[in-house]
Amino acid sequence: MKSLKTTISITELQKTIKIWRSRKITDSTIPKLLDLYFGLTAYMNDKHIYPVENFYDIKMSLRFSTTQSLIEAVKASQSFKFIVNEGQKQIKAFYSPLCHEENSKLETKEDSKTSQSSLNLPQAFAQTLAVDNIYNIYTKGNSSDEELSPEGEATLEDKSSKKDIITEESLAAAKEFFHLINGNSAQKAQVLTPLINWFQMHEGLTRKHACENLVYLVNELLIPYFAGQARFMKSKHIGRLCWLSNLLKSAHGQHLLNDAARGSRQKREQVALETKKNQRENHPVNEFEWTDPETGMRFYDDKDEGSVNIPADAEARPSENAVWNVLSKEWVLPTTSPCGDSSFQKEEN
């Protein structure tokens, strides 16, 4: 998918940025709008537009605080065009003029009447977006191109509190979804194994640690993500698989992988620090040696050799300078001769 306009002059770009600044768009938001303006193909459909079902993923990828703030920034720039359902005051999609053909060629008759007039959306549309709760924008179906029926539908205000909230039921369903994948050898090989391979290759991990990254990704990120999506409960298993596959291919999916790698790495570092701390606090024999609480192995620190293991049947280390002689199987003290050579003498009990 390529932009319709393959080049843009520096002068034109500077002018666009200057206009955005005059419209109170912050410097931190401008690069995000530029990404959308030039075209984030991972979040477009086959008509080169950003459909409503991708708004949440766009928000996550571009690091907007809420979906509401994403839409407000796009509206404030006045550089994008919206496709709306005028009757229900609902945003169906938006697009960049650089990436989308004239909407008269691709939109329905109803859409063509509303999109041109929606460049400066009325304030009524601002109220249709609950904070970070995008799926209350449309009330039926999984596609922004599907006709909406007002019959039998609750109002947005009535439904907004019920959308995108993690419940025990949705959390259990999300967990069951990944259990089913793990229990199916074909789906496991198609979805989970490539993720392990990715972590192992890109993070330089052992297979064991790569598997730990996958567990973190699923339990800490993917399960809460799907459990918080209202449409997840309405989807069948095959639809969820397609959703997961598309998510992992998107920019937001890459963010999740990176977050999982970072989170799992921090978790391993924390465990290592706690293990080391526990080791250094464990003096069951005496103050001059330590015992690993997990393995039960006795050890002491040597400035030249590092950590040195002590046999289980050895006598307690008598002093902080004592060195274990593996040949005589006894403790000795290092001494320095008049010529500067080091030697050892037997530790007197």
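The values are calculated or read from the model by the stated rules, or taken from the named source; none is laboratory data. Given the structure is predicted, the values throughout are model-derived calculations rather than measurements. In this analysis, Cβ positions are derived from the backbone assuming ideal geometry, glycine residues included, and neighbour counts consider all displayed protein chains.
Does residue 190 fit the bill of being modelled with pLDDT under 95 and surrounded by 15 or more Cβ atoms within 10 Å (Cβ to Cβ)?
On the way: modelled with pLDDT under 95: yes; surrounded by 15 or more Cβ atoms within 10 Å (Cβ to Cβ): no.
Judged against the criteria, residue 190 is not a match.
Report, by residue number, each residue of region 42-57 that is within 20 Å of residue 224 (Cβ to Cβ) and either out of contact with any helix residue (DSSP H, G or I) (no Cβ under 9 Å at 6 or more places or on another chain) or in contact (Cβ under 8 Å) with a residue 60 or more places away in the chain (or both).
Quick first cut of region 42-57, residues within 20 Å of residue 224 (Cβ to Cβ) only: 53-57.
Matches in region 42-57: 53, 55, 56, 57.
Out of all the residues in region 24-38, is one or more assigned to a loop (DSSP other than H, G, I, E, B), touching a residue at least 24 places away in the same chain (Cβ under 8 Å) and more than 23 Å from the chain's Cα centre (by Cα)? Steps first, answer last, please.
Start the filter on region 24-38 by keeping residues that are assigned to a loop (DSSP other than H, G, I, E, B), which leaves 24-29.
Filter once more, so that each one left must be touching a residue at least 24 places away in the same chain (Cβ under 8 Å): 24-25, 29.
Those still in the list that are more than 23 Å from the chain's Cα centre (by Cα) too: 24-25.
Checked region 24-38: at least one residue is assigned to a loop (DSSP other than H, G, I, E, B), touching a residue at least 24 places away in the same chain (Cβ under 8 Å) and more than 23 Å from the chain's Cα centre (by Cα).
Just checking, how many residues over region 26-52 are at pLDDT 85 or above, in contact with a His (Cβ under 9 Å, 6 or more places away or on another chain) and among the β-branched types (Val, Ile, Thr)?
Result for region 26-52: 1.
Can you tell me which condition residue 75 does not meet? The list is (1) closer than 21 Å to residue 249 by Cβ; (2) without any contact (Cβ under 8 Å) to a residue 60 or more places away in the chain, and all the others hold.
Of (1) closer than 21 Å to residue 249 by Cβ; (2) without any contact (Cβ under 8 Å) to a residue 60 or more places away in the chain, only one is false for residue 75: (1).
Of 6, 67, which residue is at pLDDT below 90 and surrounded by fewer than 13 Cβ atoms within 10 Å (Cβ to Cβ)?
Numbers: 67 fails: surrounded by fewer than 13 Cβ atoms within 10 Å (Cβ to Cβ).
Going through 6, 67 in turn, just one is at pLDDT below 90 and surrounded by fewer than 13 Cβ atoms within 10 Å (Cβ to Cβ): 6.
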